[in-house]
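Written out below as structure tokens is the structure these notes cover.
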Amino acid sequence: MKDSIFDLTGKTVMVTGGGTGLGRHFAEVMAAAGARVIVCARRVEKLTETVSAIEAAGGQAVAQAMDVTSEDSVREAFAAAVGDSVVDVVVNNAGVVAKPSLLDTDVETWDNVQAANLKGPWLVAREAVRRLAAAEKPGRVVNISSILGSAVQKGTGPYSASKAALLHLTRNMAVEWARYGVTVNAIAPGYYVTDLAGEFLESPKGKALLARIPQRRLGVYDDLSGAILLLASDASAYMTGTCITVDGGLSLPIV
Ligand SMILES: NC(=O)c1ccc[n+]([C@@H]2O[C@H](COP(=O)([O-])OP(=O)(O)OC[C@H]3O[C@@H](n4cnc5c(N)ncnc54)[C@H](OP(=O)(O)O)[C@@H]3O)[C@@H](O)[C@H]2O)c1
């Protein structure tokens, strides 16, 4: 990886939700590319497992407790992890899903989903970019959205709305932060077996969905490795405000 345009040696990378699922994979891939990775979430024991795996593979990582929905927690986590210094790459991966139909969704559930999936990425990116701008250093923000940010599926209203808003926030961030040398892009994954999506994928509806994926398979974590390395590294220097869809063709408007 060294001397490659995807090399992350010398970069400090933060991955929210880095203790499980896709976030743990993103952390491992970027550590293997040379980054020092800070994994953040509420469950420190899960973060510690990610750190152990990265260290066992010869990489550098630290675990940092953070609740992305809390401004104070985000500020304190940055201070604890990097002091007055900067995070070069932020991957806003933390997210939650809610099952009820729109008629059955209560206000608390709605607020929790928007707080984790939309306010959280803004709080984390804002803290990172304030520091980068003050230090006059360039950076990268990668927001993990979903194909449900543009496609519609019954029973995912609050989640889909948060992911659609995150895509638009990505464009706003890209335009406002270009002047600081910060690029902001998104990834829209299709379906991957994780704690968040596993139950749905095991259900009859989930199994039926498999038949509609042109590549006839769910995503495996490595399918996302190229997209995260591209958007985190110098290879994407002239990309900003875009979204890379990694879904085996599921979201194509097929006639
Ligand atoms: N799996 C899929 O098929 C799929 C498809 C499209 C998009 N995505 C997106 O991919 C991202 C990762 O999801 P996943 O599938 O890997 O599920 P996951 O394993 O459940 O990961 C979600 C992570 O977010 C963290 N998190 C949730 N709320 C948080 C908060 N308030 N503060 C800090 N961390 C928080 C959780 O850690 P703690 O509970 O320890 O805080 C957890 O590690 C999500 O944004 C999801 O929407 C997934």
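Does V74 fit the bill of being within 15 Å of the ligand (Cβ to nearest atom), within 19 Å of the chain's Cα centre (by Cα), among the β-branched types (V, I, T) and closer than 22 Å to G157 by Cβ? Here the answer is no, as V74 does not meet what is asked.
Checked against the criterion of being more than 16 Å from the ligand (Cβ to nearest atom) and surrounded by fewer than 18 Cβ atoms within 10 Å (Cβ to Cβ), segment 142-151 contains not a single residue that satisfies it. Here L201 fits the description: within 12 Å of the ligand (Cβ to nearest atom), at negative phi, touching a Phe, Trp or Tyr at 6+ places or on another chain (Cβ under 8 Å) and assigned to a helix (DSSP H, G or I).
Looking across segment 42-61, the residues that are more than 11 Å from the ligand (Cβ to nearest atom) and crowded, with 19+ Cβ neighbours inside 10 Å come down to V51, I54, G59, A61. Picking from residues in segment 88-128 that are more than 15 Å from the chain's Cα centre (by Cα), aliphatic (A, V, I, L, M) and outside any helix (DSSP H, G or I), the one that is farthest from R24 (Cα to Cα) is L103. Of the residues A178, A186, A232, A227, the single one that is touching a residue at least 24 places away in the same chain (Cβ under 8 Å) and open to solvent by 20 Å² or more (accessible area, probe 1.4 Å) is A178. Screening I213 with (1) part of a loop (DSSP other than H, G, I, E, B); (2) open to solvent by 20 Å² or more (accessible area, probe 1.4 Å); (3) not polar (S, T, N, Q) gives one miss only, at (2).
Taken as a whole, segment 184-192 holds no residue that is closer than 23 Å to G249 by Cα, in a helix (DSSP H, G or I) and within 10 Å of the ligand (Cβ to nearest atom). Among the residues making up segment 149-175, those that are part of a loop (DSSP other than H, G, I, E, B) and touching a residue at least 40 places away in the same chain (Cβ under 8 Å) are S150, A151, K154, G155, T156.
The values are calculated or read from the model by the stated rules, or taken from the named source; none is laboratory data. Keep in mind that what you see is a predicted model, and the values were worked out from it rather than measured. Neighbour counts run over all protein chains shown; Cβ positions are idealised from the backbone, glycine included. Each accessible area value is taken on the protein alone, full model and side chains, heavy atoms only, with ligands, DNA and RNA left out. Shrake-Rupley method; radii C 1.70, N 1.55, O 1.52, S 1.80 Å.
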